[in-house]
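The values are calculated or read from the model by the stated rules, or taken from the named source; none is laboratory data. Treat the numbers as computed from the prediction; the structure is a model and nothing was measured. All Cβ positions, glycine included, derive from the backbone under ideal geometry; neighbour counts span all protein chains shown. SASA here: full protein model, heavy atoms, side chains in, ligands and nucleic acids out. Shrake-Rupley method; radii C 1.70, N 1.55, O 1.52, S 1.80 Å.
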Amino acid sequence: MTPQSGEFILCLTTYEKGQAFMRQCAAMGCRVLLLTLEKHRHADWPRDILDEIVFMPEGLTLEQITNTVTYLARSRKFARLVALDEFDMETVAHLREHMRIPGMGRTVTTHFRDKLAMRFEAQCADALVPEFSPVLNDDDLRAYMNSVPAPWVLKPRAEASAIGIRKIHQPEQLWSTLAELGDRQSYYLLERFVPGDIFHVDSIISERQVVFAAASQYGKPPMQVMHEGGVFTTRVIDRESDAARELTALNARLLPAMGMVRGVTHAEYIRGADGRYYFLEVAARVGGAFIADVIEQATGINLWAEWARIEVSSLRSAPYILPELRSDYAGSVLCLAKSAEPDTSMFDAPEIVYRMKKHHHAGLIVRSPAPERVRALLDNYSERFAQEYLAIAPPPAKPTA
């Protein structure tokens, strides 16, 4: 099958990402049309394999985007619609239902975008979830705060990562914050703050089965790094550890129960003081902050490419077969840097396999057959990064990548 005769896949994204996904689709004989924002006209898109790129202005309404895509569909028969970024998932879910194209619809998409909905779904699947309350009824909130000890966290229901999260220590602080939010308050939830170690499990799901999962542990919690600054680290944990076994078992049970049929996910869990694992959140996307690169270094699995392989295999009613895995370990260390182009050449361990090239950022990925070696390097490098490079900026109001 040549690219000119293959199935048409439309990829929509409002951020610059997903190049490996599009390349894999094209390598499998599909024609790929990219719909993105005008401000990304000069971004590093894989133009050599794209059938076409269509640019649109920022701020279009859902109706205007629907009109744009259905206009394109008059002369192109789209077989699949794919949101490459989390913030485009609801739009693409609407388009799938409007155009009757297979894929995740609006209800299931909500389970992976709305932090309130995903908590209800996780509870229904018998996962432990920190006590939470919708921000809808004042009496319910009073009862919640009377029964659940502070501190609490007020979380936006539809943001990604730790953006917009506020720590609440007393009821008066909550009421003043809600007054500030006004009519936006129903788009938040209140949850018990659970201190502990935070893990993430990055998965591939095929026909409701988790066929690949990599369990990793953050250094500092992402919320702390986001709001207080600091050096971000994450590493793939020992696959034979109790933590890895418990997390992958919980994850394998939870994702299909939440409605995931096929694709990739990035889920986060916390190990509380009681030693139990609590569900925090899950997204139907590839993890950010170079997590996909860490997973690839450790396992040989490129999550973007495998996501594409799953989509195309499903389209052709063919079974998805996971490639052979590598059994190494990897981790990353990165931070916002004071200098525009930080020099990391002083870090010269043979385990370094990647040096980040990003304006005002310093970052490295290390790989080793031994998880203890990865952990030791990250512990050492995170301290040195804080001394050599670290800059601290106010937390962003919205995602930057």
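General observations
- Cα-based Rg of the range 243-335 normalised by 2.2 N^0.38 Å, two decimals: 1.19
- Answer label, with semi-axes √(5λ) of the Cα gyration tensor in Å calculated from the coordinates and candidates (i) 32, 25, 18; (ii) 32, 28, 22; (iii) 41, 25, 18: (ii)
- Derived scalar couplings between HN and Hα for the range 139-149 equal 5, 4, 5, 4, 4, 4, 5, 6, 9, 10, x Hz in order, rounded to whole Hz, by the Karplus curve 6.51 cos²θ - 1.76 cosθ + 1.60 (θ = phi - 60°), x for Gly and Pro.
- Per the Kirkwood formula applied to alpha carbons, the range 339-391 shows a radius of gyration over Rh ratio, Rg over Rh, of 0.96.
- 25 Å tail of the calculated P(r), the range 10-147, as % of Cα pairs: 40 percent
- Placing a label point 7 Å from the Cα of Arg373 along the Cα-to-Cβ direction, the residues of the range 339-354 whose backbone N falls under 19 Å from that point are 347-354.
- Average accessible surface area per residue within the range 313-392, 1.4 Å rolling probe, Å²: 56 Å²
- Between the listed residues Val264, Phe199, Thr177, the Cα displaced farthest toward the positive end of the dipole of the chain, a dipole computed from Cβ unit charges relative to the Cα centre, is found at Val264.
- Lysine pairs with alpha-carbon atoms under 16 Å apart, the chain, spacing 8 or more or separate chains: 8
- Each Cα pair under 8 Å and six or more residues apart adds its sequence gap; the mean of these over the residue count of the chain is a relative contact order of 14 percent.
- Take the range 30-90 with all the other protein chains still there, run a 1.4 Å probe, and you get 51 Å² of accessible area per residue.
- Two-site FRET efficiency, Asp126 against Met99, from Cβ-Cβ distance with R₀ of 45 Å, rounded to 0.05: 0.80
- Close amide H contacts of Gly6 (hydrogens built in the peptide plane, cut-off under 5 Å, sequence separation of 5 or more or a different chain): Arg31.
- Averaging Cα coordinates gives a centre for the range 1-71 and one for the range 134-212; these two points are 34 Å apart.
- Average Cα contact separation per residue, the range 313-371, under 8 Å, 6 or more apart, as relative contact order %: 39 percent
- Using a Förster distance of 25 Å, the FRET efficiency for Ala349-Leu325 (Cβ separation, nearest 0.05): 0.55
- Theoretical FRET efficiency, 1/(1+(r/R0)^6), r = Cβ-Cβ of Lys167 and Glu207, R0 45 Å, to 0.05: 0.65
- Dipole magnitude of the chain about its Cα centre (Cβ charges: Lys, Arg +1; Asp, Glu -1), debye to nearest 20: 840 debye
- Whole-percent carbon and sulfur share, accessible surface of the range 258-401, 1.4 Å: 50 percent
- Highest average first, the peptides 77-83, 167-173 ordered by how many other beta carbon atoms sit within 10 Å of their residues are 77-83, 167-173.
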